[in-house]
1. Pull up all non-local amide H partners of residue 367: gap of 5 or more, or a different chain, and H-to-H distance under 5 Å with H placed in the peptide plane.
2. I'd like the FRET efficiency for residue 366 and residue 156, computed as 1/(1 + (r/R0)^6) with the beta carbon distance as r and R0 of 60 Å, rounded to 0.05.
3. Please give me, ordered by residue number, the trypsin sites (Lys or Arg not before Pro) of the stretch 404-487 that lie in loop per DSSP and have at most 10 other Cβ atoms within 10 Å.
4. Is the shape of the stretch 279-360 best called rounded, prolate or oblate, per the rule: a/c under 1.5 gives rounded, else a/b larger than b/c gives prolate, else oblate, with a ≥ b ≥ c the square roots of the Cα gyration tensor eigenvalues?
5. Just one of (1) 28.4, 126; (2) 44.3, 169; (3) 21.7, 68 is Rg and Dmax of the Cα atoms in Å calculated from these coordinates, so which is it?
6. Note the count of lysine pairs whose C-alpha atoms are less than 25 angstrom apart in the stretch 84-241, limited to pairs 8 or more residues apart or on different chains.
7. Chymotrypsin sites (Phe, Trp or Tyr not before Pro) within the stretch 327-418: which are DSSP loop residues with at most 10 other Cβ atoms inside 10 Å?
8. How much length would be gained if the chain were fully extended between residue 20 and residue 86, taking 0.36 nm per residue of separation minus their Cα-Cα distance, in nm to one decimal?
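The values are calculated or read from the model by the stated rules, or taken from the named source; none is laboratory data. Quantities reported herein were computed from a predicted structural model and do not represent experimental measurements. In this analysis, Cβ positions are derived from the backbone assuming ideal geometry, glycine residues included, and neighbour counts consider all displayed protein chains. Ligands, DNA and RNA are excluded from the accessible area calculation, which covers all protein heavy atoms including side chains. Shrake-Rupley method; radii C 1.70, N 1.55, O 1.52, S 1.80 Å.
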Amino acid sequence: MPKKITKRRLRLQLTFVYGIMILAVVAIVAVLVLVIQGYRFNRYDGKLEQGGLVQFDSQPSGATVTADNSELANKTASKIVLSAGNHNITIGKNGYSTWKKDVIVKPGTVLWLNYALLFPTNPKVSTAAKYTAVASALPSPNEHTMAVMADAATPEITLTSLNTDSPATTKLAIPTSAYTQPTDGASQGFSLVECDKDSHLLLVKHTVNGTQEYISVDTRDALHAVNVSGGLGVSATTMHYALNDSNVVYMLTAAHELRRGNVSSMTLSGPLASEVSSFSVSESDVIVYETLPDANDQRIVGYISTDSSKAKVLSSYSGLGDATLLASSGSYYGDHYVVILHGTTLDILQGDLPASDSNAVLSLAHYASLTVAGGGNHLDFSPDNNRMVYITNGSHVTTYDLELKNAATTALQAPLTRDIQWLDGYHMISANKDGYYYDYDGANGQKFASNVLDLPAALESGNKYLYYFTKSGTETLLNRVRMTVDS
């Protein structure tokens with residue numbers, strides 16, 4: 001006759017079973033947490049080591065990723081956990097050049113290699129538009145159109161669509177009511193300055209009768225063009241649209257005063273700062289400026305926040321002489337940065353900027369400093385995400401990666417005659433003689449065309465075509481390279 005199990009023994013058995021189950025769940029969760037954090041068992045030395053997650057992507061996608069000669073099972077977009085340390089990465093696809101980079105994986109971090117821009121090995125080139133000449137050109141921020149002024153003396157803008165297989169052109173005539181007419185025998189010149197953030201408005205500089213004025217042209221209806229300088233009654237040497245309101249402009253007057261103007265109401269602020277040498281506008285409409293040397297050879301870097309009428313000093317410098325003083329500001333994933341180049345030293349500061357007319361105490365923490373050989377003539381952040389701080393100087397571009405906290409210097413094929421152009425947040429382009437684009441750190445330099453004119457290029461928003469200007473006989477061509485290969 002079977003022995004009857006007592007209630008006490010049954011409770012002990014259940015307690016044991018439940019205990020084993022709990023321990024198993026705890027062990028599985030612990031292992032999963034370790035895996036998520038990048039820990040792996042090294043079978044060679046028997047140690048548990050923490051690696052880092054690496055995320056891959058490419059344009060076009062579907063490329064093969066190789067890490068240290070080991071091919072990943074999945075095509076881009078893909079990811080893998082790699083051991084901490086140095087690794088060699090290649091991303092390749094049939095019909096395209098191979099993208100390569102040596103990287104450092106840090107324990108417990110995520111490394112994003114999601115910007116591999118692959119170039120066809122047999123690129124197809126076509127002509128999108130033809131011009132008798134090109135005096136100035138400007139791609140829209142959304143990379144949908146290219147604006148061209150063929151003749152600097154003629155107030156006409158040609159818009160060419162970029163984000164299509166069949167580009168079309170539209171001509172806009174700036175109405176005579178929007179600009180000052182030249183006196184008898186006097187010459188005039190028009191040049192494109194910038195687009196507003198919504199890619200609807202074009203700021204045009206008009207030089208006439210020994211002075212210059214700025215005109216805002218609506219590409220949707222040129223009849224709505226506005227003479228901003230005339231309407232505000234101010235002589236400006238520099239003017240820029242505000243980034244959060246295209247009805248607002250900031251300008252540097254001939255008297256070196258920094259002012260704000262509202263184009264809709266045609267109202268002009270008083271001087272926001274005086275003795276200003278230059279200024280920059282950030283995406284949050286924080287205006288950072290530098291001043292000319294005073295009688296004691298002191299120069300100031302300050303800022304003005306939106307709707308404020310009073311500036312706040314960020315820093316002051318003495319004894320710079322003719323050395324560079326440049327400043328800018330930007331936000332990267334919610335953190336605000338101020339960058340100042342004084343002489344050959346770049347200081348990167350991090351922290352929030354209170355309203356410039358408030359009594360709040362300014363508190364910026366030191367984030368990084370580096371020496372930039374030769375100083376620079378332009379300082380700013382890369383577009384789209386502000387991840388890169390960059391300085392240009394002749395044929396060199398120095399970048400600092402806010403994410404990885406490292407610097408790199410790129411030697412271009414030819415000296416810059418203007419600010420370096422960015423195709424996106426990760427790629428610079430040098431369009432002068434031979435056309436090249438580079439990763440932000442100078443890696444993967446890719447020649448895309450020969451005999452390229454020193455005019456802006458554009459990678460249209462779908463990454464299908466790369467546009468550039470070239471010369472053919474007496475004509476100037478807007479050519480394009482197809483960046484995708486038919487399967």
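1. Result for residue 367 returns 348, 349, 350.
2. Numbers: r = 51 Å, r/R0 = 0.84.
Efficiency at R0 = 60 Å is approximately 0.75.
3. Within the stretch 404-487, the qualifying trypsin sites (Lys or Arg not before Pro) (loop, at most 10 other Cβ atoms within 10 Å) are 405.
4. Taking the square roots of the gyration eigenvalues as a ≥ b ≥ c, the stretch 279-360 is oblate.
5. It is the value labelled (1).
6. Summing the qualifying lysine pairs gives 8.
7. Loop-located and lightly packed - 333.
8. On the way: separation 66, 0.36 × 66 = 23.76 nm, distance 4.13 nm.
Length gained, residue 20 through residue 86: 19.6 nm.
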